[in-house]
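Peer 1: Right, I'll just put the structure down here and ask away after.
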Amino acid sequence: MATFDRLSDLPVEIDSYELQGLEAQVSSAFTRLSTVIRLRGAGEEGVGEDVTYDALDHIALRDAGPVHDLSGSRSLAEYSELVDGLDLFPAEPVRETSRLYRRWAFESAALDLALRQAGISLAAAVGREPRPVNFVVSMRLGDPPSIEPLRRRLELYPTLRFKLDPTSDWSEDLIAELVDTGAVDSVDLKGLYSGSPVDQGADPVLYQRVATAFPHAWIEDPALTPETDKVLEPYRDRVTWDALIHSVADIENLPFPPRMVNIKPSRFGPLRELCAAYDYCEKHGIGAYGGGQFELGPGRGQIQYLASLFHPDTPNDVAPTGYNDPEPRAGLPESPLEPQPSRTGFRWGE
């Protein structure tokens with residue numbers, strides 16, 4: 001049975017909803033805002049987290065308040081159809097992809113509520129056993145780049161693994177230092193971003209350096225030009241994709257068949273699309289790993305939960321939130337994360 005079919009008929013009763021703003025300074029040197037969606041009904045509460053990046057979008061949402069009428073009893077599939085007809089942005093979003101992020105927040109909150117009202121867990125509903133979750137810590141190395149942020153974390157957690165964002169100002173000496181740690185599982189080339197603080201242009205010299213220096217690392221989101229494609233052609237079995245993956249169609253339309261893709265739930269928006277991607281990858285033998293977006297609240301536990309069910313053994317970019325703090329601290333959970341599914345609902349560690 002398709003994964004979404006196991007969930008679509010779950011009844012959900014909604015009386016009202018509220019918005020809760022969260023804020024934190026995170027390691028990429030910006031103030032992160034997110035908004036928790038709290039759906040309430042039949043004495044239960046379901047939560048989801050809007051991980052839209054732009055602060056203006058969160059402020060506009062909170063200022064408008066819970067203006068949509070979501071009340072009533074319907075199936076989870078019918079709820080999704082209802083939300084599909086709503087404009088969840090009181091003002092035009094800064095970037096169009098944010099519509100998917102907010103849609104995921106409302107859908108994951110409804111999934112949590114429906115499961116809690118039914119008295120079952122997500123794991124039971126989809127017929128999968130939660131397993132320990134491998135995770136990596138995603139980092140940039142500063143400006144100018146230095147190994148020190150990574151080294152400080154390794155001093156506290158010697159077995160920690162990393163996903164790093166190479167930039168054109170990485171020197172050969174820095175790369176050699178990183179290689180010596182043996183701790184790099186993936187490199188994110190950020191080649192598909194435009195107009196963001198983390199843009200990294202198509203740099204064939206950088207691509208060649210990291211592809212050869214880290215022979216076992218996944219190579220995420222290259223910008224393919226005639227020059228970079230030629231560099232990466234021998235390493236295509238390690239090339240994986242993230243920023244442009246919003247649907248099964250996006251996986252099918254990649255430049256060449258992937259062995260691995262990054263499945264970030266919020267990028268898919270509707271629960272139906274996310275479930276379809278899990279099923280497609282499993283059917284076609286495509287590996288997957290999870291990705292985070294600086295979640296500050298329940299959204300981080302939810303993506304850890306999904307990783308535990310669908311791809312626990314891959315380099316999941318779902319590290320506990322404390323690893324994103326500007327400075328590392330002792331006492332954080334280490335990889336692999338032991339399963340922490342809630343008895344009912346779509347929650348982790350509660």
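The values are calculated or read from the model by the stated rules, or taken from the named source; none is laboratory data. As the structure is a computational prediction, the values presented were derived from the model and not from experiment. As a convention, Cβ positions derive from the backbone with ideal geometry for all residues, glycine included, and neighbour counts pool all protein chains shown. When the accessible area is computed, the model is the full protein with side chains, heavy atoms only, and any ligands, DNA or RNA have been set aside. Shrake-Rupley method; radii C 1.70, N 1.55, O 1.52, S 1.80 Å.
Peer 1: Given the options Ala114, Ala105, Ala123, Ala183, name the one that is without any contact (Cβ under 8 Å) to a residue 40 or more places away in the chain and of a type in the set (A, V, I, L, M). Write out each step before concluding.
Peer 2: Working: Ala114 fails: without any contact (Cβ under 8 Å) to a residue 40 or more places away in the chain; Ala105 fails: without any contact (Cβ under 8 Å) to a residue 40 or more places away in the chain; Ala123 fails: without any contact (Cβ under 8 Å) to a residue 40 or more places away in the chain.
Only one candidate qualifies: Ala183.
Peer 1: Does Glu92 satisfy being assigned to a helix (DSSP H, G or I), under 25 Å from the mean Cα position of the chain (by Cα) and charged (D, E, K, R)?
Peer 2: When the stated conditions are applied, Glu92 does not pass them.
Peer 1: Moving on to the next point. Here are some conditions: (1) open to solvent by 60 Å² or more (accessible area, probe 1.4 Å); (2) out of contact with any strand residue (DSSP E or B) (no Cβ under 6 Å at 6 or more places or on another chain); (3) closer than 28 Å to Leu309 by Cα; (4) outside any helix (DSSP H, G or I). Thr52 meets all but one. Which one does it not meet?
Peer 2: Failing condition for Thr52: (1).
Peer 1: Has segment 273-285 got any residue that is in a loop (DSSP other than H, G, I, E, B) and either surrounded by fewer than 24 Cβ atoms within 10 Å (Cβ to Cβ) or among the β-branched types (Val, Ile, Thr) (or both)?
Peer 2: yes
Peer 1: Just to be sure I understand, how many residues within segment 56-73 are within 19 Å of Glu23 (Cα to Cα), among the acidic types (Asp, Glu) and either touching a Leu at 6+ places or on another chain (Cβ under 6 Å) or open to solvent by 70 Å² or more (accessible area, probe 1.4 Å) (or both)? Please lay out each step first, then the result.
Peer 2: Just the residues of segment 56-73 that are within 19 Å of Glu23 (Cα to Cα), to begin with: 56-65.
After this cut, where a residue has to be among the acidic types (Asp, Glu) as well, the list is 57, 63.
Those still in the list that are either touching a Leu at 6+ places or on another chain (Cβ under 6 Å) or open to solvent by 70 Å² or more (accessible area, probe 1.4 Å) (or both) too: 63.
Of the residues in that region, 1 qualify.
Peer 1: Looking at Val231, is it more than 19 Å from the chain's Cα centre (by Cα), of a type outside the set (Lys, Arg), more than 19 Å from Pro257 (Cα to Cα) and modelled with pLDDT of 95 or more? Write out each step before concluding.
Peer 2: Numbers: more than 19 Å from the chain's Cα centre (by Cα): yes; of a type outside the set (Lys, Arg): yes; more than 19 Å from Pro257 (Cα to Cα): no; modelled with pLDDT of 95 or more: yes.
Considered against the rule, which asks whether it is more than 19 Å from the chain's Cα centre (by Cα), of a type outside the set (Lys, Arg), more than 19 Å from Pro257 (Cα to Cα) and modelled with pLDDT of 95 or more, Val231 comes out as no.
Peer 1: Among Pro149, Pro197, Pro130, Pro144, which is at pLDDT below 95 and either surrounded by 12 or more Cβ atoms within 10 Å (Cβ to Cβ) or assigned to a helix (DSSP H, G or I) (or both)?
Peer 2: Testing whether each residue is at pLDDT below 95 and either surrounded by 12 or more Cβ atoms within 10 Å (Cβ to Cβ) or assigned to a helix (DSSP H, G or I) (or both) leaves just Pro149.
Peer 1: Sticking with this structure for a sec: Taking segment 307-320, which residues are open to solvent by 10 Å² or more (accessible area, probe 1.4 Å) and either assigned to a helix (DSSP H, G or I) or among the aromatic types (Phe, Trp, Tyr) (or both)?
Peer 2: Matches in segment 307-320: Phe310 only.
Peer 1: Further, regarding this structure: Among Ser98, Ser71, which is of a type in the set (Ser, Thr, Tyr) and more than 28 Å from Gly322 (Cα to Cα)?
Peer 2: The match here is Ser71.
Peer 1: Between Ala60, Ala77, which is outside any strand (DSSP E or B), touching a residue at least 60 places away in the same chain (Cβ under 8 Å) and out of contact with any helix residue (DSSP H, G or I) (no Cβ under 6 Å at 6 or more places or on another chain)?
Peer 2: Only one candidate passes the filter, namely Ala77.
Peer 1: Restricting attention to segment 301-350, and to residues there that are modelled with pLDDT of 95 or more and among the charged types (D, E, K, R), which single residue is nearest to the chain's Cα centre (by Cα)?
Peer 2: Checked segment 301-350; the qualifying residue nearest to the chain's Cα centre (by Cα) is Asp317.
Peer 1: Follow-up. Pairs under 6 Å by beta carbon, first residue more than 16 Å from Asn134 (Cα to Cα) and in contact (Cβ under 8 Å) with a residue 24 or more places away in the chain in segment 322-337, partner outside any loop (DSSP other than H, G, I, E, B) and open to solvent by 30 Å² or more (accessible area, probe 1.4 Å), six or more apart or different chains?
Peer 2: Hits for this filter: Pro328/Arg152; Pro328/Leu156; Ala330/Leu156.
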